[in-house]
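Since the structure comes first, as structure tokens, the remarks are kept for the end.
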Amino acid sequence: MHEMSIASAVLDTAARHAAGRRVTVVRVRAGQLRQVVPDSLAFYIELLGRGGPCEGARLEMEVVPARLRCAPCARDWAIDVPAFRCPQCGGAEVSVLAGEELEVESIEVEQESTACTA
Amino acid sequence: MHRVKVRVVEDALDANNTIAKANREDFDRHGVTVVNLMSAPGAGKTTLLERVLGPGMPGLRTGVLEGDVQGSLDADRLAHLHVNVTQLNTGGGFGGECHLDANMVRSALPAVGLEDLDLLIIENVGNLVCPAEFRVGEDVRMMVSSVAEGADKPLKYPLMFRACELVVLNKIDLLPYVDFDLEKFRYWVDQVHPGVAVMETSARTGEGVDELRAWLATLPERAGAAV
């Protein structure tokens, strides 16, 4: 359900970088731990984007798998369930290497072709 | 007309985080410690606040910023306590949002009156999902989970459980009547957020409320020490 709030933030970010140009593609990198449902985000991007520079823009979302690292054990691993203790030593000195991202990576915009394209 | 790729690489919530930072600077300048209180609807946030703040917080001028989609039912309940209560409706010009964001809180600050406070508790809109994403400039975040919700909630809402410095398990007076596995809950909270503080309370009977009061009362010292 947070997809609506996220879509709104993504659209604002995209519109700012579009600087008045029409946006055709919005590329988002979302970490697995952010629990963003791609179809739901696409739905809200379409809905909330109406009437603005991102109207009709396509969402391309990359899900970044979660990877954790235990410093004392000097090992890292992927997770499916949200368990953040080291499975080897049971310790809590675990850092998240990847999977918490929520960023607008890039956008594609339409731009007037100028005469001197050479 | 041709298409151009524009590199952005910006956190989608940057705009919110920037305003949250401005709020935090205002809080710090006024020496106000701020708690963002979150839970699912009906977990007992307001009842806990009534219990906790009812006897007054000695030496701490305390205020509550009540976030609700609509109405002032919660603020009305707290009005008889010796605290400053400000209502913030997300339906009032914010599109009925399911959470408070930094900008909404910022807009309410003039009404809150930071110069008269030491401790501000922001009661977020009841929701276990969206509030976890939006910082509002708080020093600490606490959430309330209740035994009526089930022991699997940390697994289902890890973002929220990981975002908090304190997890309060409320309605423990109902334990004899519900199938709530306390050991499993504690295990999963610790797996999702290793080492996070957990307290058990009953806002109805008052059990565990003193511990929570003590946690809140010493917060300004601890937050000050951390700065």
| query | Taking region B:4-42 on its own, how many of its residues are under 16 Å from B:Ala132 (Cα atoms), more than 7 Å from chain A (Cβ to nearest Cβ) and in a loop (DSSP other than H, G, I, E, B)? | reply | 2
| query | Going through region A:26-52 one residue at a time, which ones are in a strand (DSSP E or B) and either more than 13 Å from the chain's Cα centre (by Cα) or at positive phi (or both)? | reply | none
| task | Sort through A:Ser113, A:Ser106, A:Ser95 and tell me the only one that's surrounded by 13 or more Cβ atoms within 10 Å (Cβ to Cβ) and touching a strand residue (DSSP E or B) at 6+ places or on another chain (Cβ under 6 Å). | result | A:Ser106
| note | Condition set farther than 17 Å from B:Gly150 by Cβ and polar (S, T, N, Q), scope region B:175-212, selection surrounded by the most Cβ atoms within 10 Å (Cβ to Cβ): answer is B:Thr201
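Name the residue that is nearest to B:Asp14 (Cα to Cα), counting only residues in region A:80-102 that are in contact (Cβ under 8 Å) with a residue 40 or more places away in the chain and assigned to a loop (DSSP other than H, G, I, E, B).
A:Glu101
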| Where residues in region B:195-211 are in a loop (DSSP other than H, G, I, E, B) and either touching a Gly at 6+ places or on another chain (Cβ under 8 Å) or aliphatic (A, V, I, L, M) (or both), which of them is nearest to the other protein chains (Cβ to nearest Cβ)? | B:Val196
| Leading residue by the ranking (farthest from the other protein chains (Cβ to nearest Cβ)) among those in region B:118-144 that are of a type in the set (A, V, I, L, M) and in a loop (DSSP other than H, G, I, E, B) | B:Val136
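Rundown of residues vs (1) within 14 Å of chain A (Cβ to nearest Cβ); (2) within 15 Å of A:Ser8 (Cα to Cα); (3) in contact with a Ser or Thr (Cβ under 6 Å, 6 or more places away or on another chain); (4) surrounded by 15 or more Cβ atoms within 10 Å (Cβ to Cβ), yes/no style:
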site	(1), (2), (3), (4)
B:Ala79	no, no, no, no
B:Asn84	no, no, no, yes
B:Gly91	no, no, no, no
B:Ser107	no, no, no, no
B:Val112	no, no, yes, yes
B:Asp116	no, no, no, no
| field | Output for region A:95-114, where each listed residue is modelled with pLDDT of 95 or more and β-branched (Val, Ile, Thr) | value | A:Val96, A:Val104, A:Ile107, A:Val109
| message | Among the numbered criteria (1) over 22 Å from A:Ile6 (Cβ atoms); (2) not in a helix (DSSP H, G or I), which one does B:Gly91 miss? | response | (1)
| Residue list for region B:108-146, restricted to those being farther than 27 Å from B:Glu200 by Cβ and among the hydrophobic types (A, V, I, L, M, F, W, C) | B:Ala108, B:Leu109, B:Ala111, B:Val112, B:Leu114, B:Leu117, B:Phe134
| Got at least one residue in region B:171-187 being touching a Gly at 6+ places or on another chain (Cβ under 8 Å), free of Cβ contacts under 8 Å to residues at least 40 places away in the same chain, in a loop (DSSP other than H, G, I, E, B) and of a type outside the set (Phe, Trp, Tyr)? | no
| task | Scan A:Ala74, A:Ala30, A:Ala15 and give me the residue that is within 9 Å of another protein chain (Cβ to nearest Cβ) and either aliphatic (A, V, I, L, M) or in contact (Cβ under 8 Å) with a residue 40 or more places away in the chain (or both). | result | A:Ala30
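Here's the yes/no breakdown for (1) more than 8 Å from chain B (Cβ to nearest Cβ); (2) within 16 Å of A:Leu102 (Cα to Cα); (3) buried (at least 19 other Cβ atoms within 10 Å of the Cβ); (4) of a type in the set (S, T, N, Q):
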{"residue": "A:Val10", "(1), (2), (3), (4)": "no, yes, yes, no"}
{"residue": "A:Arg34", "(1), (2), (3), (4)": "no, yes, yes, no"}
{"residue": "A:Pro38", "(1), (2), (3), (4)": "yes, yes, no, no"}
{"residue": "A:Leu41", "(1), (2), (3), (4)": "yes, yes, yes, no"}
| Selection from region B:1-20 of residues that are more than 18 Å from A:His17 (Cβ to Cβ) and surrounded by fewer than 13 Cβ atoms within 10 Å (Cβ to Cβ) | B:Met1
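The values are calculated or read from the model by the stated rules, or taken from the named source; none is laboratory data. A quick note: this is a predicted structure, and the numbers were derived from the prediction, not measured. Positions of Cβ are generated from backbone atoms using ideal geometry, with glycine treated the same way; all protein chains shown enter the neighbour counts.
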